[in-house]
Amino acid sequence: MADRVTVIGWDGSPLTAGARSALSAATLVAGAAHHLALPEVPPTAERVRLGSLGLAARRIAGHRGTAVVLADGDPGFFGVVRTLRAPEHGLEVEVVPAVSSVAAAFARAGMPWDDAQIVVAHPRTLRRAVNVCRAHAKVAVLTSPGAGPAELALLLEGVHRTFVVCEELGTDREQVSVLTSDKAADHTWRDPNVVIVIGGGGPTPADAGWLFGQSAARSTDRGWARPRPDAGEGESAQLRAAQLARLGPRIGDLVWDIGAGSGGVAVDAAALGAAVIAVDTDPAACDRVTAAARTRGVQVQVVAGHAPHVLENLPEPDVVRVGGGGAPVVAAVAERRPERIVSHASTRDEAEAIGRALTEHGYAVEAALLQSVALDPRTWAEQDRSVVFLLAAERPATR
């Protein structure tokens, strides 16, 4: 095991005295090509090019001597420190931090970033990073090869955003470009880069500025599935609460709300941090969803069209609420294999048809009959009664 491991952050500024001292004593230095080219790296030290962090960590753990790892920005912020500290490597590390690349990117843009979401985009996490960009007004994306500005822009098709692309921060090749997302796919970008994705923000809440990552678009309203004066048939607060509970929308998810109606489910899912596409055939309903999202201070992409045909060009969903269209639409949704699907029916025959469609596509189905009665609290007289079948389906985990 290495006698000592020092992780040094590098942001382009001169190394501190402590960092230079650690480097001068190093018998192994790991880093990217531009780190290993620094004049402070001892010529006699073994040099390890960082590719796979896991492989590099194993090599460092097996080294007998003093190891230094160089990393861009703050190595404890989505960086190599987490990998080196993993139990399987057993390494104790000393960290010499630097300005994180996210902080540097926002400084170049002249913007505050305590209200930004921050995500890491690898090819395997790119879709979820894009969903965060869909749902939030300010997002910093730490990119990687194959999951850079061009790929972000391609997956954001149909959603207008402004990109601030910061390439090779801290080097003499540093460049900052500001352009609309539809133009970003036409460029070839240099690694490493950070992308600040901006757009669609609502009013800033009065209590903003005390919690990191608290988006300015997030509503100050408490609760969800609240009664709505414009709610239509099948949109009672109790049904919406049950549907949202079974969908479990979260940040990084993409929710489809098909037959969005007044937008109650769509807006609540967005307030919980998910990206949402609301679909409805009625232009007036689409307008209501847009207005509800604006009032709540969240972002919802509204698509007018008839399901299931309009679904063909939508990006892959994680969870789906089918508020209209019955079994044919449910079957079309199940073909896309989201993790969870919820729907409802006003008759048992319709509920059985939906249940069969879900079961035939391999989903585990839960069915319940929900009855709610609204009461006048002054007289406790019955005001309204709702009876509906709720169907919730979950895709079995693949082994």
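The values are calculated or read from the model by the stated rules, or taken from the named source; none is laboratory data. Everything numeric here is computed off the predicted structure, so don't read it as measured data. Please note: Cβ atoms are built from the backbone with ideal geometry, for glycine as well, and neighbour counts cover all protein chains shown. SASA here: full protein model, heavy atoms, side chains in, ligands and nucleic acids out. Shrake-Rupley method; radii C 1.70, N 1.55, O 1.52, S 1.80 Å.
Brief remarks on what is shown
- Charge context of residue 187, other residues only, Cβ under 12 angstrom, K/R +1, D/E -1: -2
- Estimated inter-spin distance, residue 32 and residue 245, nm [label 7 Å along Cα→Cβ]: 4.8
- Loop chymotrypsin sites (Phe, Trp or Tyr not before Pro), region 341-399, which have at most 13 other Cβ atoms in a 10 Å radius of their Cβ (DSSP): 380
- The relative contact order of the chain comes to 11 percent, based on Cα pairs under 8 Å that sit 6 or more residues apart.
- Taken per residue, the accessible surface of region 1-151 reaches 45 Å², heavy atoms only and a 1.4 Å probe.
- Shape category assigned to region 285-398 from the gyration tensor of Cα positions, a/c cut at 1.5: oblate
- Trypsin sites (Lys or Arg not before Pro) restricted to DSSP loop in region 73-158 with at most 14 other C-beta within 10 Å: 124
- Per residue accessible area of region 309-376, 1.4 Å probe, in Å²: 48
- Expressed as a whole percent, the accessible area of the chain that falls on carbon and sulfur atoms is 52 (1.4 Å probe).
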